[in-house]
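Have a look at the structure below, then the notes.
The values are calculated or read from the model by the stated rules, or taken from the named source; none is laboratory data. None of these values were measured; they are calculated from a predicted model. Neighbour counts run over all protein chains shown; Cβ positions are idealised from the backbone, glycine included. These accessible areas exclude ligands, DNA and RNA; they are computed on the full protein's heavy atoms, side chains included. Shrake-Rupley method; radii C 1.70, N 1.55, O 1.52, S 1.80 Å.
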Amino acid sequence: MDSFGAGMGEGPILGAVETGGTKIICAVGDIDGRITDRMTIPTDVPDVSVPKILEFFSDKDIDAIGIGAFGPIDVIPESENYGSIRKCERRGWSHYPLLRTICDGLGVPGDMDTDVNTACLGEYRYGAGKGAEVLLYITVGTGIGIGITIDGRPLHGMMHPEGGHVAAVRHPDDRFEGTCPFHGGCIEGLACGPAIKGRWGAEGKDLEDRPEVWEMEAHYLSQLVRNCMMTVAPNRIVMGGGVMQQTRLFPMIRQRVREQVNGYMDCPETSDMENYIVPSALGGDQALLGGFVLAHSALRGKGGIR
Ligand code: ADP
Ligand code: ZN
């Protein structure tokens, strides 16, 4: 993906930031999806992390910035807190005005969305979601999140979707209480990476030879996919995040979804499951690339702040 030394085109120089629970990634690139420079730092309190972000971009001459942030965040354009983190458990980040601080610090326009909406935007423009009018992106990692774009526009209503927290029908053999502090055994609480570790006592990557782990994982993830299909009827579903590196999950999820939907949504898309539920095509860079799209729109005055 990176093209160091290839030289930038004529277009604007764009910045992207992805804030995650464990790390923050900053990147410089362009609207053609080239990443020319990047930096990764551990996620700390904002007073430590944000100055490092500003310092990274200080000599990059970017024209605009796009941020994909962990939620919950304020995405309501009319809100005076647009681009702020909402009340959250993460130390120091509650109500932090992330977008405003970074745009003011760098003197550029910018926009911000959730990490998953931004990843969805990246997949729509550059990756496995090209051409999908309604695109759904699901990440299965430290948490479970969904992003939705409609014709390349991230979906928000009163806030952004929080589809990882939908209710789950328990696997008959599952006695694990779930990790979600709000709902216990919601889909995230039962199927995120830490839930796998909590239930089975080891990281997912060290459970490769335990078929029952992946059978249970597919049981929960197929419910999420099915519920999202029935709710938003996406034209394609892209799945990414650390847990989905277990690519065996894809055929298992497709098969269970096919069984659960039971012919009810009979569309050209669902008749070709291999091209309907697909892995991310951007190797972990989807949110950064989506950040370039947000930055580019903000530069043209379409959304965001200046
Ligand atoms: P984050 O969600 O924090 O942005 P990731 O998407 O990388 O980060 O997800 C991290 C989670 O994915 C961890 O719980 C980790 O155990 C799990 N994970 C990472 N690699 C694998 C793998 N190869 N197989 C199964 N689980 C994995
Ligand atoms: Zn929950």
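Which of (1) among the aromatic types (Phe, Trp, Tyr); (2) within 22 Å of Lys197 (Cα to Cα); (3) in contact with a strand residue (DSSP E or B) (Cβ under 9 Å, 6 or more places away or on another chain) is the odd one out, the single condition Phe292 does not satisfy?
Of (1) among the aromatic types (Phe, Trp, Tyr); (2) within 22 Å of Lys197 (Cα to Cα); (3) in contact with a strand residue (DSSP E or B) (Cβ under 9 Å, 6 or more places away or on another chain), only one is false for Phe292: (2).
Based on what the data block shows, is Ile73 within 16 Å of ligand 1 (Cβ to nearest atom), open to solvent by less than 50 Å² (accessible area, probe 1.4 Å) and in contact with a strand residue (DSSP E or B) (Cβ under 7 Å, 6 or more places away or on another chain)?
yes
Any chance you could count how many residues in region 120-163 are within 23 Å of Leu249 (Cα to Cα), charged (D, E, K, R) and over 12 Å from the mean Cα position of the chain (by Cα)?
Total satisfying the criteria: 1.
Of the residues in region 173-201, how many are outside any helix (DSSP H, G or I) and either near ligand 1 (Cβ under 9 Å from one of its atoms) or among the aromatic types (Phe, Trp, Tyr) (or both)?
Total satisfying the criteria: 3.
If Thr247 satisfies all but one of (1) farther than 29 Å from Pro109 by Cα; (2) surrounded by 15 or more Cβ atoms within 10 Å (Cβ to Cβ), what's the number of the condition it fails?
(2)
Restricting the search to region 176-224, which residues are near ligand 2 (Cβ under 9 Å from one of its atoms), in contact (Cβ under 8 Å) with a residue 24 or more places away in the chain and surrounded by fewer than 16 Cβ atoms within 10 Å (Cβ to Cβ)?
Selection gives Pro181 alone.
Among the residues of region 117-141, which ones are hydroxyl-bearing (Ser, Thr, Tyr) and either open to solvent by less than 20 Å² (accessible area, probe 1.4 Å) or free of Cβ contacts under 8 Å to residues at least 24 places away in the same chain (or both)?
Thr118, Tyr137, listed by residue number.
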